[in-house]
Amino acid sequence: ADKTSFHFTPEKSLAVAPVVDASYLSVSNQYLQLPASGEELQNLGGTQLLNKAATKQNFLGNLDGAGTVHLATHSKVDYIDPLQSYIAFYPTGQEHIDHRLFAHEIYNLNFQNKELVVLSSCETGSGKSAKGEGILSLSRAFAAAGCDNQVISLWKAEDIPTAYISRQFYSHLEKGNDPAAALRFAKLDLLKDPSMAQFHTPPYWGNLIFTGNSTQTDVWWKNSFAFLFIISAAVMAVIAFRFYGKTAKKWSV
């Protein structure tokens with residue numbers, strides 16, 4: 001993907017939410033249900049894999065051709081062996097097929113054609129700190145696979161506010177905003193919404209951050225023009241001020 005511009009195409013998205021209803025608990029009691037995780041995908045089109053359809057195999061089988069990938073699920077960070085950190089999918093009940101996508105597997109995937117990956121699960125931006133390497137997180141694995149543009153979580157994600165921010169995030173993307181701006185606007189929407197008052201403190205929304213370089217070309221030129229206009233106006237103001245000062249001194253003599 002072109003790292004200098006971002007083009008959001010909802011119909012080319014792939015979203016996974018395996019823990020929406022209680023059916024997950026019938027095959028695994030390892031994770032809590034995330035009932036609001038399905039709501040994250042309301043403003044996102046494309047292929048959506050929910051509950052029993054959200055298996056690791058279905059995800060990998062639908063990965064080609066997807067421009068945006070959204071994973072609304074559980075994840076686990078291994079601070080001792082970062083390559084064993086993983087994203088959780090729906091269990092298939094087959095012992096020889098694992099429902100976890102490990103970091104060492106992600107490194108070997110091809111995400112070169114992905115515009116954006118949204119890792120809507122706990123601590124996807126956290127991990128073991130290695131000297132000379134930085135943070136060995138799940139986010140780093142996706143970046144190594146080819147996608148720099150990511151929305152990640154720095155600590156544990158709360159189900160309801162994460163779903164709210166995700167819905168608003170995609171709504172703002174469709175309006176032409178780049179991911180960084182869309183995420184900012186989504187958080188502001190939450191902070192302005194009185195029905196979400198219990199989630200207005202930073203621990204509920206501060207965990208989600210954007211990392212990458214995805215400024216849209218058209219927005220960039222508009223912002224550049226505005227920036228140059230402001231600078232030019234400031235320079236003209238300084239020149240006018242100095243000229244006025246000299247003139248005032250001349251007439252005062």
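The values are calculated or read from the model by the stated rules, or taken from the named source; none is laboratory data. Bear in mind that the values here come from a model prediction, so they are computed numbers and not experimental data. Methodologically, a virtual Cβ is constructed for each residue, glycine included, from the backbone with ideal geometry; neighbour enumeration extends over all protein chains shown. Heavy atoms of the whole protein, side chains included, go into the accessibility calculation; ligands, DNA and RNA do not. Shrake-Rupley method; radii C 1.70, N 1.55, O 1.52, S 1.80 Å.
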Could you look through the range 153-212, keep only residues that are among the acidic types (Asp, Glu) and over 26 Å from residue 138 (Cβ atoms), and pick out the one that is farthest from the chain's Cα centre (by Cα)? 193
For the range 145-187, how many residues are surrounded by fewer than 22 Cβ atoms within 10 Å (Cβ to Cβ) and among the polar types (S, T, N, Q)? 3
Residue 59 passes all but one of (1) more than 23 Å from residue 153 (Cα to Cα); (2) modelled with pLDDT of 85 or more; which number fails? (1)
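Got a sec? Which of 188, 173 is within 14 Å of residue 43 (Cβ to Cβ) and either in contact (Cβ under 8 Å) with a residue 40 or more places away in the chain or not charged (D, E, K, R) (or both)?
Criteria check complete, one pass: 173.
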Working only within the range 48-66, note down all residues that are under 17 Å from residue 111 (Cβ atoms), assigned to a loop (DSSP other than H, G, I, E, B) and either open to solvent by less than 40 Å² (accessible area, probe 1.4 Å) or out of contact with any helix residue (DSSP H, G or I) (no Cβ under 9 Å at 6 or more places or on another chain) (or both). 62, 63, 64, 66
What pairs can you find where one residue is in the range 143-170 and farther than 24 Å from residue 12 by Cβ, the other is aromatic (Phe, Trp, Tyr), and their Cβ atoms are less than 6 Å apart, with a gap of 6+ or different chains? 158/204; 161/199; 161/204; 161/205
For the range 67-86, which residues satisfy the criterion of being touching a helix residue (DSSP H, G or I) at 6+ places or on another chain (Cβ under 6 Å) and in a loop (DSSP other than H, G, I, E, B)? 67, 78, 85
Out of (1) within 26 Å of residue 43 (Cα to Cα); (2) open to solvent by 50 Å² or more (accessible area, probe 1.4 Å); (3) of a type in the set (D, E, K, R), the odd one out for residue 123 is which? (2)
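Report the residue count in the range 133-152 for those that are charged (D, E, K, R) and within 12 Å of the chain's Cα centre (by Cα).
1
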Which of the residues belonging to the range 87-96 are part of a loop (DSSP other than H, G, I, E, B) and surrounded by 14 or more Cβ atoms within 10 Å (Cβ to Cβ)? 89, 90, 91, 92
So for the range 75-86 (the condition being under 25 Å from residue 187 (Cα atoms), modelled with pLDDT under 85 and either buried (at least 20 other Cβ atoms within 10 Å of the Cβ) or of a type in the set (A, V, I, L, M) (or both)), does at least one residue qualify? no
Failed criterion for residue 139 (all others in (1) touching a Leu at 6+ places or on another chain (Cβ under 9 Å); (2) of a type in the set (S, T, N, Q); (3) surrounded by fewer than 19 Cβ atoms within 10 Å (Cβ to Cβ) hold): (3)
Do any residues in the range 36-47 that are open to solvent by less than 50 Å² (accessible area, probe 1.4 Å) have Cβ atoms under 7 Å from those of residues that are among the aromatic types (Phe, Trp, Tyr), where the two are at least six apart or on different chains, and which pairs are they? 44/170
